[in-house]
Amino acid sequence: MAMNISALKSRDFRAYMSGNIFALNGYWIQRITIGWLAWDLTGSAAFVGLVAFLNYAPTMFLGPFFGVFADRVRLKPIAVLAQSSLLVSACLLLTVYLAGWLGPELLLIFAILAGAIDAAYSPVRMSLAPRLVAKADVASVISLAAVNFNLARLTGPALGGLMIAHWGVGAALTLQALCYLPFVLALTTLNPRPRANEASKPEPFLMAMREGLGHTFRTPLIRQAVLLTGINAFVVRGVLEILPVLADGVFDRGAPGLGLLTSAAGAGALLAGLSKAFLPAQMGGRLPIHAVLTAVLGTMVVAALGLTGSWPVALGLVALLGFVATNTGVSMQTAIQIGLADELRGRVMSLWIMVGIGAAAIGAVVSGGMAEWIGLEGTLIFTSLAGLAMMVPVLRDVWRR
């Protein structure tokens, strides 16, 4: 079966992918390093969840505003500015760490800073990549971008965990900063397709935001995709955000164990991305049934993770959760993006991101807090049951159509 790689015909998209793999490795090295620092500085599951929440909070509260912004600005200079800002913030975190000034309070500030930059960049990213190719190749863009993201999700945490274990946090933060530079250079070479309304005067800001909200919730397919993304993120991604608790608090495996767990999730996610790329391009008009069923499976796997006392089994279950999270996320994003007009892309996709990120952040805080109270086993079982209950009305809406 031929791989769905038609987007690679575009020189701009090839340049984007080549630079982005470095930046994504930097992103995942940062994630594992900040997660490890949160656990190492405090030994608190609740604090690990709080750091994850604050990293996501700007997207939860500001995402729709940045989405309107993305639909009315030139995307390339904003993308260059956002990636350059991530490079600067990584250098600042490295400097503070090497100076011995980093404590829990400053770590929270850096988590918020990185989250604010990502909140501004996410709708730009969602709008930019599909405009580097012909509209017929948008599904290929999403599949290949998922492969790129999840390849980095496999290699980045493993690199980060090994560097922390053998050379220290400073080495991991140095590599993270260096990873952003190639993507900044690649972004300067791109020429995205102009929007149809680019030359016209933009409508008032709040009116534009209302239009994006209205289109999202009036369109059954988009509404279903957004809700399933949110439930999947709350249950599955929320659990994946507190892996330091599982790695060290339950199995006593330290930073290398966290790297292995995060890479296991990345391996499952990469397999999901490759399966999407090797399968024929997803068709528009309805949610793929396999993605809906996979989302249900993922909520049940969370309970199984809470019940296991075996490290190899835990690695396998986390890999399965990585597969579920990515298969569901890519399928839902593709379903939304295929028929979406360029002039609405930033607003609608910012809402999709906001729901996914916000649900994962809330899931991390709830899971971290409950783990302090009733232990990780009870927390994961409760989260699984809650996710299944939330899915019932959404599944009823999907089957009706």
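Please treat every number below as a calculation from the coordinates, not as lab data. Just so we're clear, the structure is a prediction, and the values are computed from it rather than from any experiment. Here Cβ is always computed from backbone atoms with ideal geometry, including for glycine, and neighbour counts include all displayed protein chains.
Values computed for the structure shown
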{"quantity": "Potential extension, residue 181-residue 91 segment - 0.36 nm per residue separation minus Cα distance", "calculated": "31.2 nm"}
{"quantity": "Ascending count of other beta-carbon atoms within 10 Å, so fewest first, for 40, 71, 342, 137", "calculated": "40, 342, 137, 71"}
{"quantity": "Identified option (computed volume of the Cα convex hull per residue in Å³; candidates [x] 167; [y] 125; [z] 145)", "calculated": "[y]"}
{"quantity": "Förster radius 22 Å - calculated FRET efficiency between residue 189 and residue 81 (Cβ-Cβ, nearest 0.05)", "calculated": "0.90"}
{"quantity": "Kyte-Doolittle mean at least 0.0, axial Cα span of 30 Å or more - DSSP H helices of the chain", "calculated": "11-42, 45-70, 75-98, 104-128, 138-166, 254-278, 311-338, 342-400"}
{"quantity": "Cβ-based exposure ranking for 384, 84, 18, 367, in which fewest neighbours within 10 Å come first", "calculated": "18, 84, 384, 367"}
{"quantity": "Förster radius 35 Å - calculated FRET efficiency between residue 101 and residue 313 (Cβ-Cβ, nearest 0.05)", "calculated": "0.30"}
